[in-house]
Amino acid sequence: MTCALHPGIRVSEIFGPTIQGEGVLIGLPTVFVRTGGCDYRCSWCDSLHAVDRRFRHDWEMMSPDAVWQKVIALSGGQPVMVSLSGGNPAIQPLGQLIDRGHGEGYRFALETQGSVSKQWFADLDVLVLSPKPPSSEMTTDWAAFDACLEAAQDKPQMALKLVVFDDDDYAYAKDAAARYPQLPVYLQPGNHTPPRPGDEDAFIDMAGVMRRMEWLVEKVTRDRWFEARVLPQLHVLLWGNKRGV
Ligand code: SF4
């Protein structure tokens, strides 16, 4: 049941445990709660099934308790990292879910583009801020991004994750890193053949992804950007565009 006191969470999918495929928690066993809806529409979004309203019939409004029961069932009641992703999970009311899980020893990571801040960011264990570079065709509102950092109050472990497709994205990543020198930086080559909703086994240009990875490693080392970490999307290397893994 959802009500005014306990608003519902719009859920696209809940799955796992699997490993976190990218960023600061790469390789860590994780249950994913992917929320539905996003205030962005990136040109290369790889989660359109959780963004495009044409797929909202697959989304479900769930109470925090119902989400929690699903997490418990998937993890067998054994505390595990819960990754809150989307869409943009920051537009959902997730504070109560986080409190509930913490009470049972679970940890929570959230990844967002940094366009919407919530007070409960301070309750997270890990907050990954992933502003979108020029190739996304989105425009970053840095004041909104700063508000996310303020809401977090330095309480969660935080990181900056940047997807890089080309030189303009690389320049944007350097600018973002310079703005927030306190945040560790993770760079990730983009997947230019993202899954189409309903056709997740479709072609993925793995050779192209690997070429971009090599290009990025060369660029970072030639540039002597020694603070940046360059990581692939591990789930893409293992499973291509497949969903729910
Ligand atoms: S912010 Fe993320 S989920 Fe939203 S459209 Fe961009 S890539 Fe997709």
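The values are calculated or read from the model by the stated rules, or taken from the named source; none is laboratory data. If you're wondering where the values come from, they're calculated on a predicted model, not measured in any experiment. As a convention, Cβ positions derive from the backbone with ideal geometry for all residues, glycine included, and neighbour counts pool all protein chains shown.
Could you list, in sequence order, the residues of the stretch 5-46 that are under 19 Å from Q96 (Cα atoms) and either away from the ligand (no atom under 16 Å from the Cβ) or of a type in the set (V, I, T) (or both)?
L5, H6, P7, G8, I9, V11, I14, V31, V33, T35
Report the residue count in the stretch 206-245 for those that are assigned to a helix (DSSP H, G or I) and more than 17 Å from the chain's Cα centre (by Cα).
Going through the stretch 206-245 one residue at a time, the tally reaches 20.
Yes/no per residue for (1) at pLDDT 95 or above; (2) buried (at least 17 other Cβ atoms within 10 Å of the Cβ); (3) out of contact with any Gly (no Cβ under 8 Å at 6 or more places or on another chain):
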{"residue": "S12", "(1), (2), (3)": "yes, yes, no"}
{"residue": "G36", "(1), (2), (3)": "yes, yes, no"}
{"residue": "D65", "(1), (2), (3)": "yes, no, yes"}
{"residue": "L84", "(1), (2), (3)": "yes, yes, yes"}
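How do the pairs read when you match residues in the stretch 192-205 that are closer than 20 Å to D169 by Cβ with residues anywhere that are modelled with pLDDT of 70 or more and acidic (D, E), using Cβ under 7 Å and keeping only pairs 6 or more apart or on different chains?
From residues that are closer than 20 Å to D169 by Cβ, the pairs are H192/D205; T193/D205; P194/D46.
Going through the stretch 48-63 one residue at a time, which ones are in a loop (DSSP other than H, G, I, E, B) and crowded, with 21+ Cβ neighbours inside 10 Å?
Within the stretch 48-63, the first condition is being in a loop (DSSP other than H, G, I, E, B), and the residues that meet it are 51-52, 59, 63.
Of everything in the stretch 48-63, just one residue is in a loop (DSSP other than H, G, I, E, B) and crowded, with 21+ Cβ neighbours inside 10 Å, namely V51.
Would you confirm, using the coordinates I've provided, whether F121 is farther than 23 Å from L28 by Cα, out of contact with any Asp or Glu (no Cβ under 7 Å at 6 or more places or on another chain), of a type in the set (A, V, I, L, M, F, W, C) and modelled with pLDDT of 95 or more?
The answer is no for F121.
Looking for whichever is surrounded by fewer than 19 Cβ atoms within 10 Å (Cβ to Cβ), hydrophobic (A, V, I, L, M, F, W, C) and farther than 30 Å from R56 by Cα here; the options are A178, A228. Which one fits?
When all the criteria are applied, what remains is A178.
When you go through (1) within 12 Å of the ligand (Cβ to nearest atom); (2) over 19 Å from G244 (Cβ atoms); (3) not small (G, A, S) one by one for L124, which number turns out not to apply?
(1)
Does at least one position in the stretch 65-84 carry a residue that is touching a helix residue (DSSP H, G or I) at 6+ places or on another chain (Cβ under 9 Å), under 24 Å from K242 (Cα atoms) and within 16 Å of the ligand (Cβ to nearest atom)?
Within the stretch 65-84, one or more residues are touching a helix residue (DSSP H, G or I) at 6+ places or on another chain (Cβ under 9 Å), under 24 Å from K242 (Cα atoms) and within 16 Å of the ligand (Cβ to nearest atom).
Restricting to the stretch 80-109, name every residue that is small (G, A, S) and on the phi < 0 side of the Ramachandran plot.
Within the stretch 80-109, S83, S85, G86, A90, G95, G101, G103, A109 qualify.
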